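Asker: Have a look at this one.
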Amino acid sequence: MAGVVRRLILRDRVRHRYLFWATFFPGDEVPVRPVIVEFDIAGHGNGFYSRSEGDRVGTLFRYDNEAPRIYAGSHLDLRTGVWRDSEAPVRNVWLGSDYGEPITIAQAEEIIVELGFRPDLLTAETVRG
């Protein structure tokens, strides 16, 4: 029984380590129907936002709760599949800026897979500089 509890705590720790945001751009088709996206992110908040059906991801941002504040933010380089330093997620957390829409870790994983990357990229190290 203790092993099960330990796994649950570890999974919970990974889930709350990162916060994610995404920007969306119109897809190839003319926006037809708005989609309401609800989010409930532990340690960040809950709510909803709207975008159009068929929108594609433009940028994926990540904030690492365990990194020093100056190095906590990164964005996914969609060409190379590498997380690179970015101030935007840090501003989202500390200043309430609007750099993308908040998404859950499950949504971030879906996006990474749709972009053709492996799911373990979600927690890959950030490239500094």
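The values are calculated or read from the model by the stated rules, or taken from the named source; none is laboratory data. Worth saying up front: this structure is predicted, and the values here are computed from it rather than measured. Side chains are part of the model used for accessible areas, which takes the heavy atoms of the whole protein and leaves out ligands, DNA and RNA. Shrake-Rupley method; radii C 1.70, N 1.55, O 1.52, S 1.80 Å.
Asker: Using a 1.4 Å probe and counting only protein heavy atoms, arrange GLU110, GLU125, GLU66 so the residue with the most accessible area comes first. It would help to have the intermediate numbers written out before the result.
Answerer: Working: GLU110 110, GLU125 145, GLU66 90 Å².
Per-residue accessible area, sorted high to low, gives GLU125, GLU110, GLU66.
Asker: Heavy atoms only, 1.4 Å probe, whole protein assembly: order TRP83, TRP94 by accessible area, highest first.
Answerer: TRP94, TRP83
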